[in-house]
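The values are calculated or read from the model by the stated rules, or taken from the named source; none is laboratory data. Fair warning: this is a prediction, and the values are worked out from it, not measured in the lab. Here the Cβ positions follow ideal geometry from the backbone for every residue, glycine too, while neighbour counts run over all protein chains shown. Heads up: the accessible areas ignore ligands, DNA and RNA and are worked out on the full protein's heavy atoms, side chains in. Shrake-Rupley method; radii C 1.70, N 1.55, O 1.52, S 1.80 Å.
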Amino acid sequence: MRSVPNWVTYTALRLLAFAVPLTVLLIAGVNPWISSLVAALFGLSVSVIFLRRPRDTMSEQIYAARHRETPVVHEDDAAEDAAVDAAESAGSDASGRPEASAPQRSTDAER
């Protein structure tokens, strides 16, 4: 069974830390601007205090993904590269220059 990616969990918790206080304040009849500001400050505080471990794990995963020693090559990428290389080698002569295409003749209808 696949586990939920860490960034999904962290994002959902951050959204809940903002949405729950916002909903409570709006139901209580507080001005929407003040409710949004208080909910944002509450969400930031909860994130800094309680979500340190998920945030650190997520930042380590992002760093590791951005600083890989070798790039990830998928099967279809390798197949496409091989097809392009084959097409390029078939389209060049022995000197490595592309072959000149035959000039096209115009018909009477095109003139």
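Brief remarks follow.
- Pair ASP76, SER45: separation of 7 Å Cα→Cβ label points (nm): 4.8 nm
- With the whole protein complex present, ILE62 retains an accessible surface near 90 Å², based on a 1.4 Å probe.
- For region 51-67, backbone phi angles converted through the Karplus equation (6.51, -1.76, 1.60; θ = phi - 60°) give residue-by-residue couplings of 10, 5, 5, x, 5, 5, 4, 5, 5, 5, 5, 5, 4, 5, 5, 7, 10 Hz, Gly and Pro being listed as x.
- Estimated at the nearest 10 Å², the accessible area of THR9 is 60 Å² with a 1.4 Å probe.
- Each residue of region 80-89 was assigned a 3J(HN,Hα) from its phi angle through the Karplus curve 6.51 cos²θ - 1.76 cosθ + 1.60 (θ = phi - 60°); the sequence is 5, 4, 5, 5, 5, 4, 5, 5, 5, 6 Hz, with glycine and proline shown as x.
- Kirkwood radius, region 40-93, all distinct C-alpha pairs, inverse of mean reciprocal distance: 15.3 Å.
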